[in-house]
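Everything below concerns the one structure shown next.
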Amino acid sequence: MQREIVLDTETTGLKANGGDRLVEIGCVELFNRIPTGKEFHAFINPQGRAVHPEALAVHGISNEFLGDKPTFDGVVAEFIEFISEDQLVIHNAPFDIGFLNMELERIKQPLIMMERVVDTLALARRKHPAGPNTLDALCKRYGVDSAIRTKHGAIVDSLLLADVYVELLGERQAKLGLAQSGQAGGEGRRRAVKAAQRPEPLPARLTDGDRAEHEAFVETLGDGAVWKSYSA
């Protein structure tokens, strides 16, 4: 089975190389493009970096709220264990990876390589070159219910992106792996099921007159008529 992690972040501002910091990480696990229900979610204390007012208006995560949250080095072990070495699915991936790698570099941890990342924004731009290709716009395009998204949030956006990702790939229904146990040769087979029978058969709808008319018609077709082989 293919394991993927849909990931999103929220930050104090837009510039990872200008002093801004992560304030939230949300991850959703997929197996064969289907959410398993396993998630990683953490709010992060940005260590004195104030949330920019424009960022606050987008995600609603205030400096006061973040005051008692763990710093990145306090959640990184659980985060790395969750994402493991699996493929990451991110909308506008360079932004999120830039912030994650900035935080990883600060604490001398291995960086995340772009080779393991699927950027759904790039996918959307190839599929819908006229746009718009924001997450909100893609939710509307594909009929993904985004009513819960009153503000941006890493875990909510990851859940929405999981649905959008399947639509972008043209896979409304992901392929499920066939069960292997108890099947000859390890191959999936359909189990034959006998159809249920009526306790009382339905009465025949043909009358004796209908049968007589049919037999008379068959006689007019000649000795070679195929119908005679059924009535013989």
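Coordinate-derived values only; no laboratory data. The shown structure was predicted, so the numbers you read here are calculated from the model rather than taken from an experiment. Here Cβ is always computed from backbone atoms with ideal geometry, including for glycine, and neighbour counts include all displayed protein chains.
Worth pointing out:
- For the pair the range 52-87 / the range 3-46, the C-alpha centres are spaced 7 Å from each other.
- Residue ranges 10-17, 80-87, 96-103 sort as 96-103, 10-17, 80-87 when ordered by packing (mean number of other C-beta atoms within 10 Å per residue, highest first).
- Gain on full extension, evaluated as 0.36 nm per residue between residue 216 and residue 68 minus their Cα-Cα distance, stands at 43.9 nm.
- Relative contact order of the range 3-168, pairs being alpha-carbon contacts under 8 Å that are 6 or more residues apart, as %: 28
- In this label model, residue 95 and residue 145 are separated by 2.6 nm, measuring between points 7 Å along each Cα→Cβ vector.
- Cβ-based charge dipole, the range 4-56, positive-most Cα from 23, 37, 48: 48
- Dipole check for the range 3-168: with +1 at the C-beta of Lys and Arg, -1 at the C-beta of Asp and Glu, and the Cα centre as origin, the magnitude is about 480 Debye.
- For the range 39-154: rounded, prolate or oblate by the Cα gyration tensor [a/c cutoff 1.5]: oblate
- Two-site FRET efficiency, residue 50 against residue 78, from Cβ-Cβ distance with R₀ of 35 Å, rounded to 0.05: 0.85
- Size of charge dipole - the range 56-149 - debye, nearest 20, with Cβ of Lys, Arg +1 and Asp, Glu -1, no other charges: 620
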